[in-house]
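Input: a single structure, listed below in structure tokens.
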Amino acid sequence: MLNKLKYFSVFGNPIKHTLSPKIHSLFSKQTKIPCVYTAVKISLNEFDKKINFFFNTIGDGANITLPFKEQAYHISDVLTNRAKLSKSVNTLKKMEDGKILGDNTDGIGLLYDLNRLNFLQNSNKILLIGAGGAAKGILPSISLKENKIFIFNRTYLRAKKLEKEFSYLGDIKAITFEDLLNIKIDLIIHATSSYIKGEKLILPSSLIHKNIYCYDISYVKNNRFTPFLNWSKELGAINLSDGKGMLISQAAYSFLLWNDVLPDIDSTLLKI
Ligand code: ATR
């Protein structure tokens, strides 16, 4: 029997540079599950209207990107556990009864990639830089029992707020710039929007040593290194990765939610 053609889309603002349609088209070819996947830019005040229209007409599933992940959390009729934990949603699925299920695959995508890279081996002291939506989305996934998480943010109070909200999950502590000067970290995860805004990120160079792992959840098209990774490399860090693997992994787990098949992540990474 032929598979029914399914309709998916990513919604965000801006959306011009998204790689999601390309990634999902590779997944569709690889798994032989026929899908249409588009990218739609929506205005800031039209989120509910556009999403409802999509699901009331052709939509089977959607990815939600900046700045709508919290709104997606609120419009979901049912939430997966990991969406409840991160209080944000990057994947929506129309269920058989018509209800909308909200999930968050960013955290599992990050974990898959950190494991693929072997960045979590002996990395118990993790520094998360940033305390916005992106940092919040991944915090539950790295708050494993054996890890000690430090959160540093330009605005300390936002880091403190994340500490209060999530410390029931593990050992999480907001720290100041002065604290950063006296700390030895195993893995840094960069999750600020500084480079997207073209702004400088100020961190003490003493953070970097030759055994540190540096991961940036964002990526620069056609370039291996983001400004944070370049900064780390110049100071002698060797183990560096941008977030392309996380992007493909979170997409693969969205595909799994929609189609019950997990595409092969590693071979897709070679084609993006
Ligand atoms: P997102 O959902 O992408 O995380 P956000 O909620 O606006 O977006 O948060 C952006 C994050 O990047 C915040 O942690 C922000 O720090 P502040 O809370 O101090 O604003 C951080 N950020 C943005 N520009 C920065 C810069 N130039 N230097 C350091 N941190 C920056």
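Details
- Matching option when the condition is within 17 Å of M246 (Cα to Cα) and in contact with a helix residue (DSSP H, G or I) (Cβ under 8 Å, 6 or more places away or on another chain), among I108, I42, I75: I108
- Filter result for the condition that a residue is farther than 19 Å from Q250 by Cα, surrounded by 22 or more Cβ atoms within 10 Å (Cβ to Cβ) and of a type outside the set (K, R), over I58, I64, I51: I51
- Filtered by the rule that a residue be more than 13 Å from the chain's Cα centre (by Cα) and not aliphatic (A, V, I, L, M), region 68-86 gives F68, E70, Q71, Y73, H74, S76, D77, T80, N81, K84.
- Scope region 131-151; condition open to solvent by less than 30 Å² (accessible area, probe 1.4 Å), away from the ligand (no atom under 15 Å from the Cβ) and in a loop (DSSP other than H, G, I, E, B); matching residues: S143, N147
- Listed by first and then second residue, the pairs linking a residue in region 249-272 that is open to solvent by 50 Å² or more (accessible area, probe 1.4 Å) to a residue that is aromatic (F, W, Y), with Cβ atoms under 9 Å apart and 6 or more places separating them unless they lie on different chains, are V261/F27; V261/F255; L262/Y253; L262/F255; D264/F27.
- Residue in region 54-74 that is in contact with a Gly (Cβ under 8 Å, 6 or more places away or on another chain), without any contact (Cβ under 8 Å) to a residue 40 or more places away in the chain, assigned to a strand (DSSP E or B) and among the hydrophobic types (A, V, I, L, M, F, W, C) present: no
- Which numbered condition L270 misses (of (1) more than 16 Å from the ligand (Cβ to nearest atom); (2) modelled with pLDDT of 95 or more; (3) of a type in the set (A, V, I, L, M)): (2)
- Residue check for L162: outside any strand (DSSP E or B), away from the ligand (no atom under 16 Å from the Cβ) and either at pLDDT 95 or above or within 23 Å of L139 (Cβ to Cβ) (or both): no
- Residue ID - nearest to the ligand (Cβ to nearest atom), chosen from residues in region 99-130 that are in contact (Cβ under 8 Å) with a residue 60 or more places away in the chain, part of a loop (DSSP other than H, G, I, E, B) and of a type outside the set (A, V, I, L, M): G130
The values are calculated or read from the model by the stated rules, or taken from the named source; none is laboratory data. Note that the structure is predicted; figures quoted are calculated from it, not measured. Positions of Cβ are backbone-derived with ideal geometry, glycine not excepted, and every protein chain shown enters the neighbour counts. Ligands, DNA and RNA are excluded from the accessible area calculation, which covers all protein heavy atoms including side chains. Shrake-Rupley method; radii C 1.70, N 1.55, O 1.52, S 1.80 Å.
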